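Down below is the structure, laid out as structure tokens.
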Amino acid sequence: MKIAIIGGGAAGFFAAIHASGPGRSVTIFEKSPKILSKVKVSGGGRCNVTHQPMEVSKLVKNYPRGEKFLKKVFPRFNSNDTIAWFEKRGVSLKVEPDGRMFPTSDDSQTIIDCLVKEASKLNIQILKSCGISEILPISSGFKLSTSQGEFAFDKLIVATGGFPKTESYSFLKRLNHSIIDPIPSLFTFNTPQETLKELMGISVPNGIVKIAGTKLSYQGPILVTHWGVSGPAVLKLSSFGAKWLHDQHYQATALINWNGDLGETDYEEHLKNYSFNHPNRKVFSHPLFEMPSRLWGHFCEKAGIESDQTFNNLSKKQLNKLIQNLFCYTLSIQGKTTFKEEFVTAGGIKLDEIDPNTMESKYHPNLYFSGEVLDIDGITGGFNFQAAWSTGFLAGKSTHISDL
């Protein structure tokens, strides 16, 4: 039994490992000279392997696209299984306060070494710099046209990852699968016209970012950068709003509450109480609501407050403007920036053409898909890797089903 895996990333390796077995020859085709390159750069080079285990019903909520599909996948292999699989092979994982899980070594090479060692142990062949130009279904399986010649296989798993352009899926066209046009997900907001970006490096731990005119909203850390705003709240919001923002050509208005624990009246009451109790303190010199001092100064400037003005001298107009800057700061979004090297695409193979119980194509027996080539994407926090491990596991295991 000869099995091909197209793609030498996380999903491809996991699929190959679980497709292996006695009497089986497994080959990974990777078009670039490097394997597991996304694993290498993930999490700033530490590799965010998965997320702290949670119930499947909660886990699937972290996927803007693929939630319903993954409800059938995750009972077969989820975060608990990922942790157990790596720990059984000597890779211990640790949980960070936000739920992300990394190898205790804090080095993505630990994960790469584990996967490569396992593949080597199972005699999986890896062909690098070997791109696929065409997949041709034949009576006994599939014929692959590659940069290193033609190959025939009994079963095929496509785990190429996501592509930024629809044309990149052209090698799949003979398979007649529908492609949901790819669009970017997980990106930061560019705000070239805004003075806020002059405060680059400032962050708040728990803000709320909303997109004006929509129900799109996310709470979490916010980071000011030299091009605009980033941080988990922005990245996760970009993921859920990927389609809407794409349709708007990334021109929108963001509304920021810089302390997500407080509402408008909370800010107002606290400011009035503080003014009453400390009337002679200078506003600029006494940041409230756990705001970084430079950010607080920025809010004061936008509210028209003078540098030596005291709390008891604030006009009603200045007070209202200060509250608005804290609770509903308006930011003009004009474009986006890809988040580091962790490029994620929304889009790919249409999910209703794939059996979620096996990852097998509904059009071609013995053809399977796994990972980001599917129209599945998660928010930051280890969710995209978890989808790769789960769909890779299921695709690999499912190749054994028809071995009778």
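The values are calculated or read from the model by the stated rules, or taken from the named source; none is laboratory data. Note that the coordinates shown come from a computational prediction; the quantities given were computed from them, not determined experimentally. Backbone-built Cβ (ideal geometry, glycine too); neighbour counts: all protein chains shown. Each accessible area value is taken on the protein alone, full model and side chains, heavy atoms only, with ligands, DNA and RNA left out. Shrake-Rupley method; radii C 1.70, N 1.55, O 1.52, S 1.80 Å.
Using a simple spin-label model with pseudo-atoms 7 Å out from Cα toward Cβ, SER293 and LEU199 lie 1.4 nm apart.
Only four residue types carry charge here, +1 at the Cβ of Lys and Arg and -1 at the Cβ of Asp and Glu. Report the dipole size of the range 250-379 about the Cα centre in Debye, rounded to the nearest 20.
Working: 12 positive and 18 negative charges, 192 e Å.
Charge dipole of the range 250-379: 920 debye, to the nearest 20.
Report the trypsin sites (Lys or Arg not before Pro) located in the range 227-314 that are in a DSSP loop and have at most 14 other Cβ atoms inside 10 Å of their Cβ, or state none.
Details: sites: LYS236, LYS243, LYS272, ARG281, LYS282, ARG294, LYS302; in loops: ARG281.
Hits after loop and neighbour filter: ARG281.
So if the hydrodynamic radius of the range 170-294 is defined as the Kirkwood radius over C-alpha pairs, what does Stokes-Einstein give as its diffusion coefficient at 37 °C and 0.692 mPa s, in µm² per second?
194 µm²/s
Full extension of the chain between GLU353 and LYS272 gives 23.2 nm of extra length, using 0.36 nm per residue less the Cα-Cα distance. Here the calculated FRET efficiency for ASN206 and GLN148, from their Cβ-Cβ distance with R0 = 56 Å, stands at 0.60, rounded to the nearest 0.05.
Placing +1 on the Cβ of every Lys and Arg and -1 on the Cβ of every Asp and Glu, with nothing else charged, gives the range 146-253 a dipole about its Cα centre of roughly 240 debye.
Between THR338 and GLN125, what's the calculated FRET efficiency when r is the beta-carbon distance and R0 is 45 Å? Round to 0.05. Once rounded, the FRET efficiency stands at 0.85.
Please give the peptides 153-159, 25-31, 350-356 ranked by average Cβ packing (other Cβ atoms within 10 Å per residue), highest first, as a rough proxy for protection. Each step should come with its number before you reach the end.
Working: 153-159: 26.1, 25-31: 21.7, 350-356: 16.7.
So the peptides 153-159, 25-31, 350-356, ranked by packing, come out 153-159, 25-31, 350-356.
Look at the dipole of the range 38-158 built from charges on Cβ: of PHE69, GLN52, ILE126, the Cα furthest out on the positive end belongs to PHE69. Cα-based values for the range 281-386, radius of gyration first and Dmax second, are 25.3, 76 Å.
Heavy-atom accessible surface of the range 125-182, averaged per residue, reaches 49 Å², computed with a 1.4 Å probe.
Here the calculated FRET efficiency for LEU255 and SER140, from their Cβ-Cβ distance with R0 = 51 Å, stands at 0.30, rounded to the nearest 0.05. Rounded to the nearest 5, what is the percent of antiparallel bridges among the DSSP beta bridges in the chain? Roughly 75 percent of the beta bridges in the chain run antiparallel, per DSSP. Over all pairs of different C-alpha atoms, the chain has a mean inverse distance whose reciprocal, the Kirkwood radius, equals 23.1 Å.
Compute the distance from the alpha-carbon center of the range 355-404 to that of the range 193-241, in whole Å. Centre-to-centre distance over Cα atoms comes out at 33 Å.
Multiplying the sequence separation of LYS88 and ASN176 by 0.36 nm and subtracting their Cα-Cα distance, what value in nm do you get?
Taking LYS88 through ASN176 to full extension adds about 27.7 nm, to one decimal.
Accessible area per residue, 1.4 Å probe, Å², for the range 18-114: what's the number? I get 46 Å² per residue for the range 18-114. In a reduced charge model with +1 at each Lys and Arg Cβ and -1 at each Asp and Glu Cβ, the chain shows a dipole moment near 420 debye about its Cα centre.
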